[in-house]
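The values are calculated or read from the model by the stated rules, or taken from the named source; none is laboratory data. Computed from a predicted model, the values in this text were never measured in an experiment. We place every Cβ from the backbone using ideal geometry, glycine too, and count neighbours over all the protein chains shown.
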Amino acid sequence: MIRTQIINDAVQKILSAIDSIIIITDEKGIIIEANRSACQLFGYSPEELTGSPVHLLLPPRHREQHADALEQFVRGPETHHRMDQRNSVLGYCKDGTLIELDAGIAKFHTGDQWILVITMRDITQHKHHEQELIRQSTHDALTGLPNRKLILERLNSALQRSLRSKLNVALLFIDLDGFKLINDNNGHETGDAVLKIIAGRLLDQLRPGDTVGRLSGDEFIVLCEQIEKPELIANLAMRINDALKKTIQYRELNLFTTASIGIIIGHGQQYSADEMIRSADTAMYEIKQRGRDGWQFFNDQLQRQAQQKNSISLGLRRALERNEFSSVYQPIIAVNTERIVGAELLLRWNLDGKAIPPEIFIPVAEMTNMIFSIGEWVFREGCKAQVNWRQRWKEEAPYVAINLSARQLNQRKLAASFAAILQETGADPARIMLELTEVALLPDVVESNLLILHQLADLGLQIAIDDFGTGHSSLTQLIQLPISQLKIGKSSVDDLENQQNTSVLINAIMRLGHSLGLQLAVEGIETEAQLAELKRYDCDFIQGYFFHSPMREQTFIQHMNHQVMKTTNGII
């Protein structure tokens with residue numbers, strides 16, 4: 001007994017003298033001994049560690065996994081195991097500090113029990129130094145942006161991912177115009193400060209996940225993944241051009257520079273990383289030769305498309321000021337009486353004497369956020385029309401249907417803006433129907449849109465779901481939303497009289513809508529056969545070229561006057 005005590009005392013002294021971190025546990029991972037180095041590193045007293053599970057020294061999220069691994073080690077044939085074969089082990093100190101450890105474990109049999117000995121070495125500083133060396137080799141020393149080496153690595157990886165995702169990668173090659181003059185006239189210190197400011201402005205324009213890097217000198221690269229629409233990249237190039245041409249204030253100086261941007265869009269089957277950079281560089285030189293301060297696609301077709309979008313975008317910014325927008329109205333008919341009971345306001349735009357189709361300019365308006373101011377203009381026009389109609393025809397006045405972009409629901413002050421317009425115009429919100437496409441009911445946006453829709457409904461506005469039946473919404477969403485009408489789009493009624501499946505689908509939607517207490521409308525009626533087929537169902541409203549095409553408000557007023565006159569004379 002005395003000899004055993006002497007040995008134990010000797011072991012304690014040896015453990016205390018060793019610089020390495022040593023922890024001894026039983027086979028369940030309960031700490032039996034922890035030497036002084038272990039206690040000092042983790043911030044516990046020997047009494048606090050003794051009897052505690054060794055998993056206490058790991059981050060909470062790793063503890064369950066570590067317990068399983070420890071149990072497997074005890075049961076397995078291995079007697080020694082290095083725990084850092086792939087990476088270092090993360091330790092968790094009493095004060096919550098995380099440390100990186102080089103660790104190993106061994107087991108020894110004593111009687112019918114295993115004793116586990118865990119050895120550790122604090123490598124936190126070593127890891128930090130290692131990471132700093134890696135960062136220095138992959139990042140530009142002046143701006144902190146990824147350098148050419150890291151840009152190529154990320155571009156190669158992006159091209160590989162594009163093969164799986166089937167989505168394109170975009171590369172923007174940016175060269176500053178006139179930077180050499182800044183350097184020559186003001187010195188390299190000023191030039192370096194300008195490059196740092198430019199780097200910050202580029203970062204401000206990017207989406208999460210995009211990369212901006214510095215190739216060399218005044219050349220920068222922007223890398224974007226998962227690109228579906230080239231016009232989004234053209235819009236990014238415009239924003240970069242606008243951001244970089246703003247005055248740079250450094251000390252007492254006001255400095256100016258612009259950028260020439262070459263763009264290429266493609267995927268891993270078309271280009272290598274080096275080819276992408278060379279092609280974007282080629283496109284950049286094209287814009288340099290054409291006068292600088294702009295952007296150029298390497299692909300001519302994409303260039304033409306993007307220029308068209310750019311022209312529309314610039315035109316939209318001036319359209320409201322120049323009074324280029326106008327509205328037309330397509331009558332909405334009650335099925336049972338075939339009388340006009342409402343009218344859908346449709347936006348029209350005439351640019352330099354040429355009509356621009358809504359399917360072209362509305363997506364650009366949404367992309368550039370112009371849809372917010374355009375949407376307010378449309379709502380105000382609809383409110384003014386509703387007031388005019390109510391003054392003319394009192395209770396027989398038709399309601400106004402106004403299309404609402406799903407993008408507008410991202411505008412937090414939308415309800416407040418509409419409330420102000422209602423008050424300004426004196427319009428009756430109960431006679432205004434906001435038509436929202438079913439895209440706004442996609443699962444990833446319906447929660448955020450629900451609050452805005454309820455705010456609009458609280459103003460007394462009616463809400464309809466347009467193009468219903470395209471497969472985006474669910475019954476649960478319909479019950480949650482404050483809607484009063486479902487509207488079946490033209491694509492659902494084309495060839496209605498010859499398609500049994502279409503007929504069954506429309507009948508089912510009618511039954512569903514009425515069971516929820518909703519009105520049902522159908523648009524796109526162009527033939528008498530379609531009308532006859534719809535009359536078999538319990539449909540409330542219809543519209544389409546069979547009855548009326550979209551018309552100017554004055555023409556619509558004439559139609560309504562004729563209808564009211566016939567009613568007054570007892571003809572209807």
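Among the residues of the range 375-405, write down those that are hydrophobic (A, V, I, L, M, F, W, C), under 13 Å from Leu346 (Cβ atoms) and assigned to a helix (DSSP H, G or I).
Residues satisfying the conditions are Val378, Ala385.
Hand me the list of strands (runs of 3 or more DSSP E) wholly inside the range 223-334 holding 3 or more residues that are within 20 Å of Met367 (Cα to Cα) and in contact with a Ser or Thr (Cβ under 9 Å, 6 or more places away or on another chain). Can you show your working first?
Numbers: elements: 248-250, 253-255, 258-266, 294-297, 325-334.
It comes to 294-297.
The conditions are (1) hydrophobic (A, V, I, L, M, F, W, C); (2) modelled with pLDDT under 80; (3) more than 28 Å from His128 (Cα to Cα), and Ile18 fails exactly one of them. Which is it?
(3)
Give the residue, chosen from Ala427, Ala355, Ala365, that is assigned by TED's automatic domain parsing to the domain that holds Phe541, crowded, with 19+ Cβ neighbours inside 10 Å and under 30 Å from Gln558 (Cβ atoms).
Ala427
Looking for whichever is of a type outside the set (D, E, K, R), under 27 Å from His267 (Cα atoms) and surrounded by fewer than 16 Cβ atoms within 10 Å (Cβ to Cβ) here; the options are Gly217, Gly209, Gly178, Gly187. Which one fits?
When all the criteria are applied, what remains is Gly209.
For residues that are surrounded by 18 or more Cβ atoms within 10 Å (Cβ to Cβ) and of a type in the set (A, V, I, L, M), scanning just the range 528-551, find the one that is farthest from Gln330 (Cα to Cα).
Leu534
Mind listing just one residue for me: the one in the range 382-408 that is under 32 Å from the mean Cα position of the chain (by Cα) and buried (at least 20 other Cβ atoms within 10 Å of the Cβ) and, of those, farthest from Val328 (Cα to Cα)?
Among them, the one singled out is Gln408.
Filter the range 288-309 for residues that are modelled with pLDDT of 80 or more and crowded, with 23+ Cβ neighbours inside 10 Å and give the result. I'd like the intermediate steps shown before the answer.
Of the range 288-309, the ones modelled with pLDDT of 80 or more are 288, 292-298.
Across the range 288-309, the qualifying residues are Trp295, Gln296, Phe297, Phe298.
Of the residues that sit in the range 494-526 and are modelled with pLDDT under 85 and not in a helix (DSSP H, G or I), which one is nearest to Pro550 (Cα to Cα)?
Ranking the qualifying residues of the range 494-526, first place goes to Asp494.
Since Val564 meets every condition but one in (1) under 23 Å from Arg392 (Cα atoms); (2) β-branched (Val, Ile, Thr); (3) out of contact with any helix residue (DSSP H, G or I) (no Cβ under 9 Å at 6 or more places or on another chain), which condition does it not meet?
Failed condition: (3).
Quick check: anything in the range 117-131 among the acidic types (Asp, Glu), surrounded by 16 or more Cβ atoms within 10 Å (Cβ to Cβ) and within 30 Å of Lys288 (Cα to Cα)?
Checked the range 117-131: no residue is among the acidic types (Asp, Glu), surrounded by 16 or more Cβ atoms within 10 Å (Cβ to Cβ) and within 30 Å of Lys288 (Cα to Cα).
Hey, among the residues in the range 245-267 that are within 24 Å of the chain's Cα centre (by Cα) and of a type in the set (A, V, I, L, M, F, W, C), which one's nearest to Trp295 (Cα to Cα)?
We begin by selecting, within the range 245-267, every residue within 24 Å of the chain's Cα centre (by Cα); these are 263-267.
Still in the list and also of a type in the set (A, V, I, L, M, F, W, C): 263-265.
Numbers: Ile263: 7, Ile264: 11, Ile265: 13 Å.
So, considering only residues that are within 24 Å of the chain's Cα centre (by Cα) and of a type in the set (A, V, I, L, M, F, W, C), the one nearest to Trp295 (Cα to Cα) is Ile263.
Out of curiosity, is Glu344 crowded, with 17+ Cβ neighbours inside 10 Å and out of contact with any helix residue (DSSP H, G or I) (no Cβ under 8 Å at 6 or more places or on another chain)?
yes
Report the residue count in the range 532-565 for those that are more than 42 Å from the chain's Cα centre (by Cα), under 21 Å from Ala385 (Cα atoms) and of a type in the set (Gly, Ala, Ser).
Qualifying residue count, the range 532-565: 0.
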